[in-house]
Amino acid sequence: MFNTAIWKKTWGDQRVLVLSFIALWSAFPWIYIGLSAQIPMPAFQDVLLRAIPQDWQRLSGVPFSEVATHAGRVALAFVDPVVVLAATVWGITRGSDAVSGQLERGTMEMILAQPVKRVAVFATQALATTAGAALLCGVLYGAVHTAVAFGPWAGRVDPTRFIPAACNVFGLMVCVAGIAACVSAADSHRWRTIGILCGFYVFSILAKLVGRLSTPLEWVGYLSILNAYEPQRLVGEPAASWRLLGMYDGVLLGLGLLAYIVGAVLFSRRDLPAPL
């Protein structure tokens, strides 16, 4: 089922994106922690605990008293747009290229002209995307680890506390990539696939916000995949953090795997448009 040629082609297609994200996520933790350290902890605690309304704690996902610590401030890096948007962009970009992207470029016809099954093509792309996500999350954690261990807050936080948070980023990347690949398997135009996924992402953000801010509509939050992305809650006591991670990534990885399976079935059974 595994095809070496398709594997090499897929890695070639995502090489530029991988290298770009490696550069971004290698530098970001150092920049984030360096800038954060310029605000003394007492001043940060004063603003967070006194100036910001307590009702806003529903948005943070954790009590402000936990955020107003060195570990809590580092954990906020994982919910920064540089991390969340990059993880989402990875999933949408690579997932949308699974079928509709290659159909739009005209390369899918050449691939399927070879003695290879459609499921093998789809599965190889899924494995390469997942492996790339794992590599990037390893880079992200490595940068956070070194920035915490040797940066301005050296010795104040145990860097290993952030492993579950990095794993939660991986879960989000796999989930978004799986859903994007599933939509891509049923479509023939990459721009439309990306548009659908962007709409889905905006819906997920709004659903999470509504669920957090409105008690009567709290159930709406469970319609969002982002409800299972809570890295700032995964830096506390290790046993509790790993238990929460199992629940969160169980949802994200489960949805991603299910979407990949559905996408593989759709792609193996659909009629492909004739090349132009």
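Data overview
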{"item": "Entirely in the stretch 97-150, the helices (runs of 4 or more DSSP H) that have 2 or more residues that are of a type in the set (A, V, I, L, M)", "result": "108-112, 118-150"}
{"item": "Subset tally (residues that are of a type in the set (S, T, N, Q) and either in contact (Cβ under 8 Å) with a residue 40 or more places away in the chain or touching a strand residue (DSSP E or B) at 6+ places or on another chain (Cβ under 9 Å) (or both)) for the stretch 200-247", "result": "2"}
{"item": "Scan of the stretch 223-239 for residues that are touching a helix residue (DSSP H, G or I) at 6+ places or on another chain (Cβ under 9 Å), more than 20 Å from Cys175 (Cβ to Cβ) and surrounded by fewer than 17 Cβ atoms within 10 Å (Cβ to Cβ), ordered by number", "result": "Pro238"}
{"item": "Residues of the stretch 209-222 satisfying the condition of being of a type outside the set (S, T, N, Q) and either assigned to a loop (DSSP other than H, G, I, E, B) or in contact with a Ser or Thr (Cβ under 8 Å, 6 or more places away or on another chain) (or both)", "result": "Gly211, Pro216, Leu217, Val220"}
{"item": "Subset of the stretch 240-263 that is of a type in the set (Gly, Ala, Ser) and at pLDDT 95 or above - its residue that is surrounded by the most Cβ atoms within 10 Å (Cβ to Cβ)", "result": "Gly256"}
{"item": "Test for Val220: is it surrounded by fewer than 24 Cβ atoms within 10 Å (Cβ to Cβ) and farther than 29 Å from Ser100 by Cα", "result": "yes"}
{"item": "Test: residue in the stretch 165-184 that is within 25 Å of Phe21 (Cβ to Cβ), surrounded by 18 or more Cβ atoms within 10 Å (Cβ to Cβ) and free of Cβ contacts under 8 Å to residues at least 40 places away in the same chain", "result": "no"}
{"item": "Any hit, the stretch 99-106, residues being more than 22 Å from Ile261 (Cα to Cα) and buried (at least 22 other Cβ atoms within 10 Å of the Cβ)", "result": "no"}
{"item": "Ile92 being buried (at least 21 other Cβ atoms within 10 Å of the Cβ) and either at pLDDT below 95 or assigned to a helix (DSSP H, G or I) (or both)", "result": "yes"}
{"item": "Which numbered condition Val74 misses (of (1) loosely packed, with under 15 Cβ neighbours inside 10 Å; (2) modelled with pLDDT of 90 or more; (3) over 30 Å from Tyr260 (Cα atoms))", "result": "(1)"}
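The values are calculated or read from the model by the stated rules, or taken from the named source; none is laboratory data. No experiment lies behind these values; they were computed from the predicted model shown. Cβ sites come from the backbone with ideal geometry, for glycine too, and all protein chains shown count toward neighbours.
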